[in-house]
Amino acid sequence: MPRIAVVGVGQMGRSALSILAESDPMATFVACDRLQESVDAAVAVDPTRITGWVGDVLDDTLPLDGVDVVLNLAGPFFVGSDAVARAAITQGISYVDVGDDVECTDAILALHKKAERAGVTLVTGAGLSPGVSNWMAARLLDEHPDADGVEVAWVVHETDPGGLAPLRHMLHMAVSPCPVLRDGRWESSPGFVPATAGRYQFPEPLGEVEAYDTAHPEPRTLARHYPHLRYASCKGALLPQWANQAFSTLGQIGFGYTDVKVDVGGVQVEPAEFLWRLMWERYSRRPARERHATTAVLVQVLRGADVLGALAISDDEVMARGTGLGAACAVTTLLESGAPAGAFGPEVLPHDRALALFEKLAFREGGYRQGVIAMKPATAA
């Protein structure tokens with residue numbers, strides 16, 4: 001009967017918690033967050049099996065006694081905090097996060113030797129992208145052993161801003177250098193600019209979408225796990241298309257930085273928080289019929305410029321559902337299959353088991369109805 005600590009129970013955290021609670025009726029949980037209302041909402045999912053804890057992971061001691069694995073969804077991840085992972089190492093328990101910024105990935109991977117000595121497994125970036133995207137890449141690389149490149153592309157359309165942390169992440173990607181492995185060497189590429197555009201064929205009704213270099217960590221962990229790779233990149237796109245340039249511009253003019261606050265009538269306001277409140281206010285006033293979302297991820301492996309194989313998933317819901325599914329699959333697969341001690345990306349988990357579980361849980365949740373789709377290979381532009 002596993003006990004799981006879920007740290008950060010906002011929209012994505014509660015999604016993962018709900019999926020895990022429904023998947024294993026014997027599991028118990030502790031929901032941790034700095035906001036009382038978030039903890040109350042998480043405990044309400046199943047008060048008989050979920051207890052709550054309110055505190056700051058940077059200042060307070062997490063309640064990890066008797067916990068088998070800690071799942072960290074406390075963003076924004078670009079701050080690079082490894083506090084929860086270090087607490088897991090100290091307690092000798094497994095750790096999973098959904099970190100989608102390179103700063104977080106590098107901070108967790110830097111704990112590899114410490115985790116090895118403690119006999120603890122740390123898995124970083126186990127959401128949707130990164131996460132399920134990495135398992136799709138792993139399957140393709142197994143099917144095409146002569147491939148020397150991998151490319152991830154994601155698409156998101158969300159009228160609901162989903163909370164301040166996801167918005168901070170989106171704006172941060174517009175001002176952060178993107179790691180691209182090219183000819184076996186790391187390069188830094190600017191985020192969300194037309195010069196890095198490529199066109200990718202997603203499942204219908206999306207079809208062809210233009211996507212741009214994105215500061216996601218898939219290239220970092222895939223290249224680490226598959227050292228034969230000569231090329232690895234991640235591209236992303238927002239829909240409608242004009243939103244890409246809009247977010248890039250907002251990030252560059254100041255909304256993407258967290259080191260500046262503006263005095264408004266004697267109150268210190270973070271630019272991103274103002275933008276989030278504006279977007280939420282607009283969203284909350286829209287008629288229900290106008291609220292819709294799209295999330296899709298495409299992964300393809302290459303030999304030089306030739307695409308050898310491609311897989312895709314798509315959903316008509318916000319990314320929070322996919323991230324929650326990916327996190328739940330990572331935790332369950334880690335508990336069932338185990339993994340070596342040390343710090344890794346999600347590739348360390350058996351991809352066949354993780355993807356099969358993703359399809360099973362997604363079907364139960366009413367999402368990703370087509371499952372993992374094999375796409376016709378086509379050379380990227």
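The values are calculated or read from the model by the stated rules, or taken from the named source; none is laboratory data. Here the structure is a predicted model, which is why all the values come from computation and not from measurement. Positions of Cβ are generated from backbone atoms using ideal geometry, with glycine treated the same way; all protein chains shown enter the neighbour counts. In case anyone asks, the SASA skips ligands and DNA or RNA and just uses the protein heavy atoms, side chains included. Shrake-Rupley method; radii C 1.70, N 1.55, O 1.52, S 1.80 Å.
Tabulated results
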quantity	calculated
Among the candidates SER129, SER81, SER133, residue that is of a type in the set (S, T, N, Q), under 30 Å from THR196 (Cβ atoms) and open to solvent by 30 Å² or more (accessible area, probe 1.4 Å)	SER81
Qualifying position, being touching a residue at least 12 places away in the same chain (Cβ under 8 Å), open to solvent by 30 Å² or more (accessible area, probe 1.4 Å) and part of a helix (DSSP H, G or I), among LEU325, LEU335, LEU308	LEU335
The lone exception for SER94 - which of (1) more than 11 Å from the chain's Cα centre (by Cα); (2) without any contact (Cβ under 8 Å) to a residue 40 or more places away in the chain it fails	(2)
Residue in segment 345-364 that is part of a loop (DSSP other than H, G, I, E, B), in contact (Cβ under 8 Å) with a residue 12 or more places away in the chain and touching a His at 6+ places or on another chain (Cβ under 9 Å) present	yes
Failed item, numbered, when THR90 is tested on (1) open to solvent by 40 Å² or more (accessible area, probe 1.4 Å); (2) within 21 Å of GLY326 (Cβ to Cβ)	(2)
Residue check for ALA27: among the aliphatic types (A, V, I, L, M), in contact with a helix residue (DSSP H, G or I) (Cβ under 8 Å, 6 or more places away or on another chain) and buried (at least 22 other Cβ atoms within 10 Å of the Cβ)	no
Residue match in segment 100-123 (condition: in contact with a Gly (Cβ under 9 Å, 6 or more places away or on another chain), open to solvent by 10 Å² or more (accessible area, probe 1.4 Å), more than 29 Å from GLN36 (Cα to Cα) and part of a loop (DSSP other than H, G, I, E, B))	yes
Residue match in segment 239-246 (condition: farther than 16 Å from ALA296 by Cα and at pLDDT 80 or above)	no
Filtered residues of segment 291-305 (kept if open to solvent by less than 10 Å² (accessible area, probe 1.4 Å) and over 19 Å from VAL152 (Cβ atoms))	none
Residue, modelled with the highest pLDDT, within segment 171-206, restricted to residues that are touching a helix residue (DSSP H, G or I) at 6+ places or on another chain (Cβ under 6 Å) and buried (at least 21 other Cβ atoms within 10 Å of the Cβ)	PRO179
Members of segment 31-49 found to be among the small types (Gly, Ala, Ser) and loosely packed, with under 15 Cβ neighbours inside 10 Å, listed by number	ALA44
